[in-house]
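Peer 1: Before I ask anything, here is the structure I am working with.
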Amino acid sequence: MALILYSGKTNKNAFKTFIAAEYAGVQVKWADNFEMGVSNKTPEFLTMNPIGKVPVLETPDGPVFESNAIARYVARLKNDNALFGSSSIEYGQVEQWIDFASLEIDANLLAWIRPRFGYGNYIAPVEEASIAALKRALGALNTYLAAHTYLVGHGVTLADIVMTCNLYLGFKALMTKTFTSEFPHVERYFWTMINQPNFIKIIGEVKQAETVPPITTGKKPSKPKEAKPKAEPKKEETKEAPKPKAVVAGEEEEALKPKPKNPLDLLPPSKMILDDWKRLYSNTKTNFREVAIKGFWEMFDPEGYSLWFCNYKYNNENTVSFVTMNKVGGFLQRMDLARKYAFGKMLVVGYEPPYKVKGLWLFRGPEIPKFVMDECYDMELYEWTKVNLSDEAQKERVNQMIEDYEPFEGGGILDAKCFK
Ligand SMILES: N[C@@H](CCC(=O)N[C@@H](CS)C(=O)NCC(=O)O)C(=O)O
């Protein structure tokens with residue numbers, strides 16, 4: 001029989017339960033007709049959780065509240081669950097990171113977000129202190145993750161579930177790319193976790209916040225300028241309730257202006273038609289060297305396009321094959337913004353860990369486009385080297401990467417992904 005979770009369906013604290021349930025093989029379902037602010041204030045609900053907050057899990061043996069406790073309970077329903085680690089010390093570390101995720105990350109994120117979402121008064125020095133404390137915590141997490149794929153051991157634990165759900169709120173609602181780029185290992189960790197099948201199934205696709213929401217408490221900010229995190233672009237604060245993005249004060253006019261052209265569209269025309277190359281690549285099934293590779297060099301326009309090798313900077317961390325492949329898959333998804341201007345091949349090399357991730361990219365223009373560098377955080381996780389076209393060995397490496405030639409630099413190709 002399924003356990004029942006009382007909560008709104010977009011609550012990140014409720015996601016912890018459902019993700020843990022996926023890993024534990026436990027059935028949980030949402031309570032029918034739950035209405036936030038109404039259902040959690042009834043006398044029946046208050047007997048389950050006297051503070052009237054969600055989520056609450058109803059079990060045959062009684063209710064459990066507090067989202068971390070619910071996730072632990074669900075995980076415990078499976079004996080020897082790897083979500084708790086595989087030894088006493090790992091168990092201790094799982095608990096350590098759950099507390100860190102709650103007390104150092106979530107608490108500061110909430111202190112930052114609440115006034116901006118209209119819950120509680122905005123007080124500039126309080127916001128500043130919350131952001132500083134959050135940055136301190138993210139800095140520490142970033143240092144740890146520089147040498148770790150998961151928070152504990154070599155697989156997903158409850159600590160990763162709680163941490164990712166808490167970070168999710170920040171990435172979705174508050175922490176823009178400008179803010180998170182200071183913490184590249186946290187970014188990589190977050191996108192890797194959020195792309196795990198059991199996470200995607202529950203949370204779905206996540207888009208990072210593009211702006212920090214304006215203050216909506218109805219009170220004038222005491223010190224509006226200092227209130228904003230320094231890295232964020234200036235934005236008008238408003239006294240009114242939140243409005244759809246395009247009509248928030250100062251943005252209406254902006255929204256009506258035609259979108260500026262991508263600077264790459266203003267480059268002198270090129271003889272190379274990217275779509276023709278992509279079509280040739282996709283349609284060549286035999287004689288790849290003679291047809292596709294030969295065709296590539298005939299089409300290639302060194303004036304209008306540039307070729308780049310990339311090499312993942314943290315190959316030693318690539319100890320789990322599917323995590324490595326997911327990482328590359330996530331990168332290609334995020335490169336979607338460059339589909340009109342790029343072609344890429346990404347290889348996961350080696351049949352034994354650590355796997356090496358190497359790629360080849362063709363970009364419109366003589367440099368890697370700035371908007372790609374700015375907007376796709378994965379770019380900085382790779383070392384980029386422009387292909388020297390007068391070096392035949394480098395050109396042969398290009399051919400081999402396009403062709404998935406094996407063995408590639410002495411290793412088998414575990415996975416080859418194409419961006420086209
Ligand atoms: N520490 C609690 C936080 C619970 C919480 O703050 N729930 C909010 C929704 S995310 C709530 O129910 N608020 C309603 C209220 O305060 O009355 C947990 O992790 O479950």
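The values are calculated or read from the model by the stated rules, or taken from the named source; none is laboratory data. No experiment lies behind these values; they were computed from the predicted model shown. Reconstructed Cβ throughout: ideal geometry from the backbone, glycine too, with neighbour counts over all protein chains shown. These accessible areas exclude ligands, DNA and RNA; they are computed on the full protein's heavy atoms, side chains included. Shrake-Rupley method; radii C 1.70, N 1.55, O 1.52, S 1.80 Å.
Peer 1: With angles folded into 0 to 90 degrees, how steeply does helix 107-116 sit against the dominant principal axis of the chain? Use alpha carbons for both and round to 10.
Peer 2: 90 degrees
Peer 1: While we're here: Can you give me the relative contact order of the chain as a percent, contacts being Cα pairs under 8 Å and 6 or more apart?
Peer 2: 13 percent
Peer 1: Next question, about the same structure. Under the definition of Cα pairs under 8 Å and six or more residues apart, what whole-number percent is the relative contact order of region 304-382?
Peer 2: With pairs under 8 Å counted, the relative contact order is 46 percent.
Peer 1: Order the following by accessible area, largest value first: 23, 405. Probe radius 1.4 Å; ligands, DNA and RNA are ignored.
Peer 2: Accessible-area ranking of 23, 405, largest first: 405, 23.
Peer 1: Tell me the angle of helix 158-173 to the major Cα principal axis of the chain, expressed in degrees between 0 and 90 and rounded to the nearest ten.
Peer 2: 80 degrees
Peer 1: How much of the accessible area of region 3-76, probe 1.4 Å, is carbon plus sulfur, in whole percent?
Peer 2: Its accessible area is 52 percent carbon and sulfur atoms.
Peer 1: On C-alpha positions alone, give me the angle between the axis of helix 67-76 and the longest principal axis of the chain, in degrees, nearest 10.
Peer 2: Compared with the principal axis, the helix lies near 70 degrees.
Peer 1: What's the extension gain from residue 322 to residue 178 if we count 0.36 nm per residue and subtract their Cα-Cα distance?
Peer 2: Roughly 48.9 nm would be gained on extension.
Peer 1: Just report the Cα centroid separation between region 61-87 and region 384-420, whole Å.
Peer 2: Their Cα centres are 46 Å away from one another.
Peer 1: At most 16 other Cβ atoms within 10 Å and a DSSP loop assignment: could you name the trypsin sites (Lys or Arg not before Pro) in region 263-306 that fit?
Peer 2: Here the sparse-neighbourhood loop sites are 271, 285.
Peer 1: Right, next: For region 155-212, what does the accessible surface come to per residue with a 1.4 Å probe? Please give it in Å².
Peer 2: For region 155-212, the per-residue accessible area is 28 Å².
Peer 1: For residue 303 and residue 201 in one chain, what is 0.36 nm times their gap in residues minus the Cα-Cα distance, to one decimal in nm?
Peer 2: 32.3 nm
Peer 1: Next question. Pairs to check: 135/207; 207/313; 12/78; 285/313. Give those whose C-alpha atoms are more than 28 Å from each other in this structure.
Peer 2: Result: 285/313 exceed 28 Å.
Peer 1: Right, something else. Which value, in Å², gives the accessible area per residue of region 3-76 when a 1.4 Å probe is used on the protein heavy atoms?
Peer 2: Ligands and nucleic acids excluded, the figure is 50 Å² per residue.
Peer 1: Something else now. State, in angstrom, two size descriptors of region 3-76 derived from its alpha carbons: Rg to one decimal place and Dmax to the nearest whole number.
Peer 2: Calculated on Cα positions, Rg and Dmax stand at 11.2, 33 Å.
Peer 1: Moving on to the next point. What are the ³J(HN,Hα) couplings of region 311-316, residue after residue, when phi is run through the Karplus curve with 6.51, -1.76, 1.60 and θ = phi - 60°? Round to Hz, x for glycine and proline.
Peer 2: With coefficients 6.51, -1.76 and 1.60, one gets 9, 4, 6, 10, 4, 5 Hz.
Peer 1: Now, a different point. Using only the Cα atoms of region 259-314, construct the convex hull and provide its projected area averaged over every direction, in square nanometres to one decimal.
Peer 2: Result: 6.4 nm².
Peer 1: A further question follows. First measure r as the distance between the Cβ atoms of residue 32 and residue 417, then evaluate 1/(1 + (r/R0)^6) with R0 = 41 Å and state the FRET efficiency to the nearest 0.05.
Peer 2: The formula returns an efficiency of 0.45 here.
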